[in-house]
Amino acid sequence: MNMPYRIATLGSHSALQILKGAHDEGFATLAIANRETERLYQSFTFVDEVITLNRYADFPSIVGELEKRKVIIVPHGSFVAYLSLEDHKRMRIPYFGNKAVLDWEASRDLQREWLSQAGLRLPRQFRSGAEIDRPVIVKLYGAAGGKGYMFIRDATDFEERAARLHEAYIIQEYIIGVPLYIHYFFSPLEQRLEILSMDRRYETNVDSLGRIPASAQEGMNVDPSYVVVGNQPVSLRESMLAEAYHMGENVVRTSREICGPKGLFGAFCIETIITPDMQFYVMEISARIVAGTNLFIDGSPYSYLYYSEPMSTGRRIARELKNALLSNNLAMVLDDSSIV
Ligand code: ATP
């Protein structure tokens, strides 16, 4: 069945997954590309249309045209990176998701407030170097993808290296454990939360330090860095799955208290580290589809349990939009700024 809307996104991040999912659910698709990516997106038969910009930052120049067409935007991480919060809010193109959540996500302080209100366990935060009483990670405010993070052993180490910090930063307890990124989907139509998949990131060089004995590292002066190069699939011990599920429920419930009745819906990811005593510590939340879901374009073991057919996060988004259209509930799954 053909859907009366075209699903559009920016050509980057998880665009292929989103557009393939949209196509499989009966939507026409639109990739907004740049000169470098246009031929790539044109090469896929499930991409029906490509609009090419000189630079992604020029996106606001086509907003007027898209507002006149029957297009639904599905945002992803790069979309948020290229478009300011103000541009996001000004845009009236039908938008999958709740833009009110963006403010809570974009500020590290508000995000922390949201997560702690949801009862999640967070790494301790230190206000100054003098308070440091354990290993910490120093995160620059502007850092992305773990670039520019510093591992610091103790207060003396901090004193010695603080002079190198020229921008705003936070000092956070360093949690030693296994990183696990949990990909959720909350359906406003069914009022149901699903865990669709999970991944761990593969980060250089921190994930390779274990390949050199600690004794050999001594004196080498290697600093761990956290630059993401890829993602690996993970399945979680089933005895821990209920807690992972409850964390997702709590985040959704609290989002309704802090940013209006629609709250957080659609895809989101809770980024955790699990310690040897099986505690989840939450590092961050991403309030939309994350790139780790690209591992599961053909579905994951978890999405199979729900759907018994290939169901990526991108396709799940399109399925929700389709069900909303078929039941005349489109406004329930779009931001309130959308003209429908
Ligand atoms: P993105 O926006 O792409 O998610 P980011 O810059 O916000 O990245 P984080 O996801 O916060 O970065 O962290 C990057 C990596 O740093 C994590 O995958 C993890 O390996 C490490 N890390 C972050 N916080 C901690 C912590 N408190 N303890 C131990 N390691 C951490």
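Springs join every pair of Cα atoms under 10 Å in this Gaussian network model of the chain, and among ASN34, ASN329, ASN54 the largest mean-square fluctuation is at ASN54. The phi-based Karplus calculation (6.51 cos²θ - 1.76 cosθ + 1.60; θ = phi - 60°) puts the 3J(HN,Hα) values of the stretch 279-290 at 9, 8, 9, 9, 8, 6, 10, 10, 8, 6, 4, 10 Hz, whole numbers, x for Gly and Pro. Amide hydrogen proximity for MET198: with H placed 1.01 Å from N in the peptide plane, the residues at 5 or more positions away or on another chain lying under 5 Å are HIS183, VAL234. Placing pseudo-labels 7 Å out from each Cα toward the beta carbon at TYR202 and VAL340 gives an inter-label distance of 4.1 nm. Computed from backbone phi, the HN-Hα couplings of the stretch 172-189 come to 10, 3, 8, 9, 8, x, 9, x, 9, 10, 9, 9, 10, 9, 10, 9, x, 5 Hz, rounded to whole numbers (Karplus: 6.51 cos²θ - 1.76 cosθ + 1.60, θ = phi - 60°; Gly and Pro given as x).
Of the listed pairs LYS70/LYS139; LYS68/LYS99; LYS68/LYS147; LYS68/LYS322; LYS70/LYS99, which have alpha-carbon separations greater than 31 Å here?
On the way: LYS70/LYS139 41 Å; LYS68/LYS99 20 Å; LYS68/LYS147 39 Å; LYS68/LYS322 21 Å; LYS70/LYS99 20 Å.
Exceeds cut-off: LYS70/LYS139; LYS68/LYS147.
If only the Cβ of Lys and Arg carry +1 and only the Cβ of Asp and Glu carry -1, the dipole of the stretch 296-340 around its Cα centre is close to 120 debye. The GNM of the chain, with springs linking C-alpha atoms under 10 angstrom apart, assigns the highest mean-square fluctuation among ALA214, ALA130, ALA100 to ALA214. Peptide packing for 88-94, 203-209 was compared via the average number of neighbouring C-beta atoms within 10 Å per residue; ordered from the highest value, the list is 88-94, 203-209. Residues in the stretch 310-320 carry Karplus couplings, in order, of x, 9, 6, 4, x, 5, 5, 4, 5, 4, 5 Hz; the curve used is 6.51 cos²θ - 1.76 cosθ + 1.60 with θ = phi - 60°, and Gly or Pro positions show x.
Under 5 Å from the amide H of GLY299 lie the amide H atoms of MET311, SER312, each residue being 5 or more positions distant or on a separate chain, with H modelled from the backbone and absent for Pro and chain starts. Note on ARG256 and GLU167: the model spin-label points, each 7 Å out from Cα along the C-beta direction, lie 3.7 nm apart. The stretch 253-321 and the stretch 1-79 have Cα centres spaced 22 Å apart.
How much length is gained on full extension from ALA81 to ILE176, taking 0.36 nm per residue of separation minus their Cα-Cα distance?
Values: separation 95, 0.36 × 95 = 34.20 nm, distance 2.92 nm.
Once the chain is fully extended between ALA81 and ILE176, it gains 31.3 nm.
Taken about its Cα centre, the stretch 1-82 carries a charge dipole of about 60 debye when Lys and Arg each add +1 at the Cβ and Asp and Glu each add -1 at the Cβ.
Given that compact globular proteins tend to follow 2.2 N^0.38 Å, what is the ratio of the alpha-carbon Rg of the chain to that value?
Values: Rg = 20.8 Å, N = 340, 2.2 N^0.38 = 20.2 Å.
That ratio works out to 1.03.
Toward the positive end of the charge dipole of the stretch 83-205, with +1 on the Cβ of Lys and Arg and -1 on the Cβ of Asp and Glu, the farthest Cα among PHE185, SER107, ALA162 is that of PHE185. Label sites at LYS68 and ALA130, each approximated as a point 7 angstrom past Cα along Cα to Cβ, lie 6.3 nm apart. Can you give the calculated 222 nm mean residue ellipticity of the chain, where each DSSP H run of n ≥ 4 adds -39,500 (n - 2.57) and the sum is split over every residue, rounded to the nearest 500 deg cm²/dmol? Helix-only estimate at 222 nm: -8500 deg cm²/dmol. Could you identify which residue out of LYS262, LYS99, LYS147 has the top mean-square fluctuation in a GNM of the chain using Cα springs shorter than 10 Å? Looking only at LYS262, LYS99, LYS147, the largest GNM fluctuation is found for LYS147.
Here's how it looks for GLU284: its modeled amide H is under 5 Å from those of GLU271, which are all 5 or more places away or on a different chain.
No value in this document is a laboratory result; all are computed from the given coordinates. Keep in mind it's a predicted model, so treat the numbers as computed, not measured. FYI the Cβ positions are ideal-geometry reconstructions off the backbone, even for glycines, and counts take in every protein chain you see.
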